[in-house]
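Participant: Structure incoming, see below.
The values are calculated or read from the model by the stated rules, or taken from the named source; none is laboratory data. Fair warning: this is a prediction, and the values are worked out from it, not measured in the lab. Every residue, glycine as well, gets a Cβ built from its backbone with ideal geometry; the counts of neighbours run over all protein chains shown. Each accessible area value is taken on the protein alone, full model and side chains, heavy atoms only, with ligands, DNA and RNA left out. Shrake-Rupley method; radii C 1.70, N 1.55, O 1.52, S 1.80 Å.
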Amino acid sequence: MSAPAVNKSSRRARSAGTVPSFADARRRPRRRRLVLCLVLAVVVGALLAVNILLGSYTVTVPDFLRMVNGQRIPGASFIVMDNKLPRALTALMVGACFGIAGAVFQTMLRNPLASPDIIGISYGASASAVLAIVFLGASGLAISAAAIGGAVVVAALISWLSRSRGGSGLILSGIGVAAFLQALVTFLLQRSDVRTAQEALVWLVGSLNASNWSRTAALALGLLVLLPVAALLSRNLQALQLGEDTATALGHRVRFSRAALTLLGVLLAAIATAAAGPVAFVAFLSAPIARRLNAGASSLLVALLVGAAIVLGADFLAANLLPHTALPVGVVTGALGAPFLLWLLASTNRNGHGG
């Protein structure tokens, strides 16, 4: 058969739908990702409703809508509007921040261990916040500002320590800095009085028990600024995933992209830590789960939704697992993340890529 005949037959096959075209092959992952995002959005919405309406104090949907419209229901209005609603919204946004931050670092460095809670950024926020609590008696926004500043300083430090050593050098430097900061925090807690140490310790575990509208508003403002930046930098992140040489060949400014994405991930982790403390393993878990759901492809939006779902689900368990006791959400996420970390390390060594 001649070449023109083959071309004609292939065109007829594509028009008949028997052979997929290149455009169809490109559209399939987009359709899959769109469907996945819609499903995850429904799951997040359902978990948000569960956190607000159910639990130790339940409220009906009509009563909730009346409270949203401004009607006061004795007892219920305070519990739902001043406690459960800001807590649920904070949980959603904290999960979104950690989900994106984890996806940024793990994708950029091409290493599943490269998340803010593993490489020391969350510990930097924790240590600076504890310093502010113990020595300055800080509270509220002052603790948040200290946490953000500490995260930025630690990120700059581990970047300087790992210069010219690549992603693995940054991870190892971050683990070392995190160990030092953890020892520093332990020393500070031992030197403080019991009440101050108890306040700092609850904050260090990662808790949404003290959520209020001021924290929710500050977190929403931070996300309003950083989410558009994340959308703009998503193409740079996809290019860096292919390697620095490939990204350079594609016309991307690798140093600028890496610096901008690092700052983005640090700020997202910092504002989430400032709002709820270093909620363990959310950033670490979100990106791998998102990639598996998305057929191995990284997506900041999918990671955002997965992170939000993890924190909302974990906080509902933390608030209702034990009667008359609201556990810190970090206890539940830590219980979920620790086995996953052990499995990841074991599977990495089994495949011959371990240290």
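Participant: Could you do me a favour and compute the accessible area per residue for the range 66-178, 1.4 Å probe, result in Å²?
Facilitator: It amounts to 39 Å² per residue over the range 66-178.
Participant: Expressed in nm to one decimal, what extension gain is obtained for the pair F187 and V68 from 0.36 nm per residue of sequence separation less their Cα-Cα distance?
Facilitator: Result: 38.3 nm gained on full extension.
Participant: In what sequence, largest accessible area first, do R28, R72, R255 appear using a 1.4 Å probe?
Facilitator: Heavy-atom accessible area, descending, gives R255, R72, R28.
Participant: What FRET efficiency comes out for the pair S139/R163, r = Cβ-Cβ distance, R0 = 51 Å, nearest 0.05?
Facilitator: Once rounded, the FRET efficiency stands at 0.85.
Participant: At 0.36 nm per residue, and after removing the present C-alpha to C-alpha distance, how many nm does the segment from V50 to F78 gain when stretched out fully?
Facilitator: The span from V50 to F78 would gain 8.3 nm if fully extended.
Participant: Could you check the spin-label model distance between N209 and A259? Points 7 Å from the Cα along Cα→Cβ, value in nm.
Facilitator: 4.3
Participant: Rank-order 220-230, 299-309, 53-63, 148-158 by packing density, defined as the average count of other C-beta atoms within 10 Å over each peptide's residues, highest first.
Facilitator: The densest-packed peptide leads the list: 299-309, 148-158, 220-230, 53-63.
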